[in-house]
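Written below as structure tokens is the structure these notes are about.
Derivation of every value follows stated rules applied to the coordinates shown; laboratory data play no part. It should be emphasised that the depicted structure is a prediction, and the values quoted were computed from it without experimental measurement. Cβ sites come from the backbone with ideal geometry, for glycine too, and all protein chains shown count toward neighbours.
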Amino acid sequence: MKGMVNTMTKLTYAMAIDSAINGNITDEVREKLEALKTQLAKRNSGERKPTKTQRANEGIKGNILEALSGEGKQCKDIAEAVGISGQKCSALLKQLVDAGLAEKYSEKRVTYFKAVEG
């Protein structure tokens, strides 16, 4: 019975959205929707601190850039040199290419990567 009282008195986001859709916007509904809007804006902003994995990947990207010095190399060779899986290497190489730190090119249907000089 106690749970029944809580669900009837506690306004959830779903209930607030439903009330707004039906045109029943009370102060309580408005407060709930403003809180949701603030929460979503915070979540979507770029001001979040990096996750543990993202911090670890930054170090791996540095190792990949070191491995890319000299002539172009295939992803599998870079992964082996750095000590990571090919899939992770591919994802991090894509990030490096998107950031303009590495270059991707193909010769005879084989893809190579090299560090951008400068």
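Could you check which residue among L65, L92, L40 shows the biggest mean-square fluctuation in a GNM of the chain with a 10 Å Cα cutoff?
L40
In debye to the nearest 20, how big a dipole does the chain give about its Cα centre with +1 on each Lys and Arg Cβ and -1 on each Asp and Glu Cβ?
In total the dipole reaches around 320 debye.
Which residue, V29, V97, V82, tops the fluctuation ranking in a GNM of the chain built on C-alpha contacts under 10 Å?
Between V29, V97, V82, it is V29 that shows the largest mean-square fluctuation.
Pull out a ≥ b ≥ c, the square roots of the eigenvalues of the alpha-carbon gyration tensor of the range 52-115, then state rounded if a/c is under 1.5, prolate if not and a/b is larger than b/c, and oblate in the remaining case.
Judged from the Cα gyration tensor, the range 52-115 comes out prolate (a/c at least 1.5, a/b above b/c).
Starting from the 7 Å offset along Cα-to-Cβ, what nm value, one decimal, do you get for the label separation of Q74 and T111?
In this crude spin-label approximation the distance works out to 1.3 nm.
Angle between the Cα long axis of helix 86-98 and the longest principal axis of the chain, 0 to 90 degrees, nearest 10?
Once rounded, one gets 80 degrees.
Cα to Cα, under 26 Å, and not fewer than 8 places away if on the same chain: which lysines meet these conditions relative to K52?
Within the straight-line limit of under 26 Å, K52 reaches these lysines: K42, K61, K76, K88, K94.
Find, among the trypsin sites (Lys or Arg not before Pro) in the range 9-98, those assigned to loop by DSSP (not H, G, I, E, B) with at most 10 other beta-carbon atoms within 10 angstrom.
Passing sites in the range 9-98 are K10, R48.
What does the chain give for Rg and for Dmax, in Å, if only its C-alpha atoms count?
Here Rg and the maximum Cα pair distance are 24.7, 72 Å.
Given 0.36 nm per residue, what is the gain on full extension from R43 to E66 after removing their alpha carbon distance, in nm?
4.9 nm
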